[in-house]
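Where a number appears in this text, it was derived from the coordinates with a stated rule and is not lab data. These numbers come from a predicted model, not from an experiment. When we count neighbours, we look across all protein chains shown, and the Cβ atoms used for this are built from the backbone with ideal geometry, even at glycine.
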Amino acid sequence: MHDKFKDKEILLEIRDLKIEGYSDETWVPIIKGVDLTLHRGEVLGLIGESGAGKSTIGAAAMGYARDGTRISEGSIEFDGMELTTASESERRMLRGSRIAYVAQSAAASFNPSHKLIDQHAEAPVHYRIKKRMEAQEDAMQLYEQLRLPNPREIGFRYPHQVSGGQLQRAMTAMAMSCRPDLIIFDEPTTALDVTTQIEVLAAIRDIVDEFNTAAIYITHDLAVVAQMADTIKVLLKGEEVEQAPTQQMIDNPQEEYTKSLWAVRSFNSPQRYRPTDGSDPLISVQNVDAAYTGGIKVLDDVSFDIYPGMTVAVVGESGSGKSTTARCITGLLPPMSGQILCKGEPLPPRYKDRTRDQLRQAQMIYQMADTALNPKVRISEIIGRPAQFYGGLHGSDLKQRVDELLDLIELDPVQFYSRYPPELSGGQKQRIGIARALAAEPEFIICDEVTSALDQLVAEGILKLLDRLQDELGLAYMFITHDLATVRSIADEVVVMQHGKVVEQGPKDEMFKPPHHPYTDLLLSSVPEMDPEWLTTVLEERGVDNIGEAADR
Amino acid sequence: MSIFVIVYYAALIGASCLAAFYKQRGVFMLIFSLTLVSFVLGIIGGAGALRLVATAAGVLALAAGTSYAFREFLIQISRPNLAKELRTAPLTAAFGMFVIFTYAIAGIFAPWIAPYGEAEVIGQAFAPPDQNMLLGGDQLGRDMFSRIIFGARNSVGLALMATLLAFVMGAIAGLLAAVKGGWFDQLMGRIADVIMSIPSLIFALLMLSIFGTGLQVIVIVVAVIYSPRVFRLTRAVAGNIVVMDYVEASKLRGEGDWYLVRKEILPNATAPLIAEFGLEFCFVFLLIAGLSFLGLGIQPPTADWGSMVRENATLISFGDITPLIPAGAIALLTVAINFVVDWMLFRTSGLKEQ
């Protein structure tokens, strides 16, 4: 236990908690006996992969079990009150007033048809803690403390009128509206860009400190939790792995699993360089401008080259035109001007005008494996179709090719041949997506945020696989990502984009060395590091008032 | 006070005590409120009203029992995957399936089940029910029961054909419109708008007066009237699927439209389409019955429920329920299909019961 909190009063105590979920007509254990002690003012970080039961424990701390789950055993004691046996109305009295919850997607959690401040004032007015005007006045003060721009007016906007990072801060303010004893943050920054994440993190940390609120901070990002938490608890498949104060946990993890989590960011592929014999690049994007129908220009004079066998990482925050560039290359969005060359020959702008061989050259792997694989088609056909379509394979040749591809992505052909995508895990689905791209025997693959929806351990596996395939098959990758850790591990060259323009480009080793373009610098310095003091240091360097705001237009 | 009334109340009170003892809150509230209502009913309507309540409850219990048994039967005979789905079916859906099953049997084996031919005159006009004619005779002295059985074949078969045709036309147009987009989508959409803007019954009457009342004409006209609805649903469902990444991946591979429709979109759109099929079938059935009632549908002497209602309509003023029997057959089938469709919609929408 953290020394700082040892003598403080215990706020939440969970003992031997077991939660079961209903599936396939039986109750399956989700949480298998977890203990948790939280003192007043303490911030506990819960980390683990998806499915580890982090969010379930977070909800249980409010005495809440989601639909289809039930708390089967154990006790949850909040400030002397046993929540498992309390009546529904007693528990409801706690929620919002003494325990608050901040959800992952603020955009989906705010009601789009009410103003922010009205939603903010709802809980205090409902619990008769404050009058409406008082609550609104308080909201404005909180907005100011959370460094929202224009704090006296921003509350009178509707949720769609403010940006994602601001919305997440407004939600934190809302959670604070009744000055609760405990706030549960369920992945509050996962959906945000690094540059926006930093301001939300700083805001949350300050306000939690100021009101001495206890918090449970749920995330899968170790670097983030290192900034926020006093104590870290690691979960795996519904069981606790270990728990220790932050500094100790980072410096000296005890368990194998924790060590493997910590080691994730260490993967590094050796850097390759452009061929010096003056050969043509595989794909050359030249002065491309593009816009969606009737809209403003999304791409403005974008140019870069991709050489055979190399990985070019395209980085930038959301809306910077990374994916649009990919759409131009594949021909889904014909550019307004400029051209795309493949081995020195211009590609027709529209994919419908391209020949089968041109289409085969460039394959794509998608971010969301869920939507990238047809749920009603067998794996064998998903992978087999490109081989059949381009290679004209049939019968036993086709089956052999599919087996070969499954071997290549390290999945057992016997087991996966005739299964459907919904039966697979996220990482396995992503591997099938890779196999589908490989089946076309391309020379160039566009990877659109392929690891951002995956857990770190799984993402690491995918990166290693992609790197191995690159060496074996001589593939070139265009790697679209907003995660600089990924760039560091896999890229050979980096292209930084902002507002549809290429800000800076060059080989990786040069890009990660100063001097940088200011925007590159901002991106680089916003990536959380494992050092618990990192956030404090960055804030000091940048000055408290303009963290992250430099990224705004 | 008759014995029946005493037994009636004793049974109700006994049942409510048992329910209360076994802590079946819902059942108890139901039975006991029925007891309280029965006090009032008994005072106003006497033993007759109570007998009616008892009969209704008996019929309901019988239907529930049949549905339960039928569902168990289906679970027993179907494959494991299907059996798992069936287990989630509510009793209403099982009842619906049972009714549909019965109608199908009646329709398919009509000539063997019906004691007489559909056009055979065997007794007096409007003969009362007897051992020979289970439901009495119609306005020409034909056996009502036989005609109901044959009607299941004619009316339901015709409606089924029309719905299938409407679905083939509407679904193909909708899927292609979603995939192709652009002018094809616009053209199809506007054609659908034009058809939908004309009141369906009037359009059908017009077309049937122009082209005559042959079976093919009825099927085609009804299919044309209902295909725009199918088109709109299919296009909406497919529109959500077309934007998926897997469809994009297929497009980039260079696949043709027909492959996209067949392999990528259709398998993901079947569930809502099947539910819609049940719903549309009801409307088509009612439209055809309506046309027959107006004399423009299936022509005599072919037995058809819609025209049977009209032909025997005069009887209703003599307090005879004969014309209500075919009407009841139509209503029962419609309700049954809706029960099944409700269950399917519930499953596809992924709603959870609270």
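Some notes on this structure:
- Our estimate of slack between A:D509 and A:Y22, defined as 0.36 nm per intervening residue step minus the Cα-Cα distance, is 170.2 nm.
- Under a 5 Å amide H cut-off, with hydrogens placed 1.01 Å from N, A:I232 pairs with A:G45, A:A244, A:T246 among residues at least 5 apart or on other chains.
- ³J(HN,Hα) computed for each position of segment A:12-23 - Karplus, 6.51 cos²θ - 1.76 cosθ + 1.60, integer Hz, glycine/proline x: 10, 10, 10, 10, 6, 6, 10, 10, 10, x, 8, 8
- Look at A:F267, B:F211, B:F339 and count the other Cβ atoms within 10 Å of each Cβ; fewest to most, that gives B:F211, A:F267, B:F339.
- Assigned charges on the beta-carbon of Lys, Arg, Asp, Glu; the protein assembly as shown dipole about Cα centre (debye): 3280 debye
- Rounded if a/c under 1.5, otherwise prolate or oblate - chain B, Cα gyration tensor axes: oblate
- Residues with amide H under 5 Å from that of A:G41, placed H, sequence gap 5 or more: A:A214
- A simple spin-label model places the labels of B:A83 and A:E472 4.2 nm from each other, with each point 7 Å out along Cα-to-Cβ.
- Taking every DSSP bridge with both residues inside the protein assembly as shown, close to 55 percent are antiparallel.
- Placing a label point 7 Å from the Cα of B:V40 along the Cα-to-Cβ line, the residues of segment B:1-34 whose backbone N sits under 14 Å from it are B:33-34.
- Computed over segment B:260-313: relative contact order in percent, which uses C-alpha pairs under 8 Å that are six or more apart: 24 percent
- Karplus-derived 3J(HN,Hα) values for segment B:114-130, using 6.51 cos²θ - 1.76 cosθ + 1.60 with θ = phi - 60°, are 5, x, 10, x, 6, 10, 7, 8, 10, x, 7, 5, 6, 5, x, x, 8 Hz; glycine and proline are entered as x.
- Residues of segment B:29-72 falling in the label zone of B:C17, defined by backbone nitrogen less than 17 Å from a point 7 Å along Cα to beta-carbon, are B:29, B:31-33, B:35-36.
- A simple charge model with +1 on the Cβ of Lys and Arg, -1 on the Cβ of Asp and Glu and nothing else charged puts the dipole of chain B at about 840 debye relative to its Cα centre.
- Förster radius 41 Å - calculated FRET efficiency between A:D251 and A:R152 (Cβ-Cβ, nearest 0.05): 0.40
- Paramagnetic label reach from A:D79 (point 7 Å along Cα→Cβ; backbone nitrogen cut-off under 13 Å): within segment A:144-179, residues A:178-179.
- Computed lengthening from B:A313 to B:T102, 0.36 nm per intervening residue step minus Cα-Cα distance: 73.3 nm
- A:D407 paired with A:M336, simple spin-label distance in nm, labels 7 Å along Cα-to-beta-carbon: 5.1 nm
- Bridging of B:K180 to lysines at a Cα separation below 16 Å is possible for A:K352, B:K251, B:K263, once same-chain residues fewer than 8 apart are set aside.
- The order of A:S396, B:S292, going from fewest to most other C-beta atoms within 10 Å of their C-beta, is A:S396, B:S292.
- Prolate/oblate/rounded call for the protein assembly as shown, Cα gyration tensor, a/c under 1.5 rounded: oblate
- The residue among B:V37, A:T258, B:S317 whose Cα reaches farthest toward the positive pole of the charge dipole of the protein assembly as shown, with charges on the beta-carbon of Lys, Arg, Asp and Glu, is B:S317.
- Fraction of beta bridges assigned by DSSP in segment A:3-265 that are antiparallel (%, nearest 5): 60 percent
- Once you reduce segment A:423-437 and segment B:237-278 to the center of their Cα atoms, the two points are 20 Å from each other.
- Working note: Karplus 6.51/-1.76/1.60 with θ = phi - 60° gives segment A:160-169 the couplings 6, 8, 10, 7, x, x, 5, 4, 5, 5 Hz, where Gly and Pro are set to x.
- For B:R142, distant residues with modelled amide H under 5 Å away: B:I122
- Residues A:R92, B:R232, A:R356, A:R436 arranged by fewest to most Cβ contacts within 10 Å: A:R356, A:R92, B:R232, A:R436
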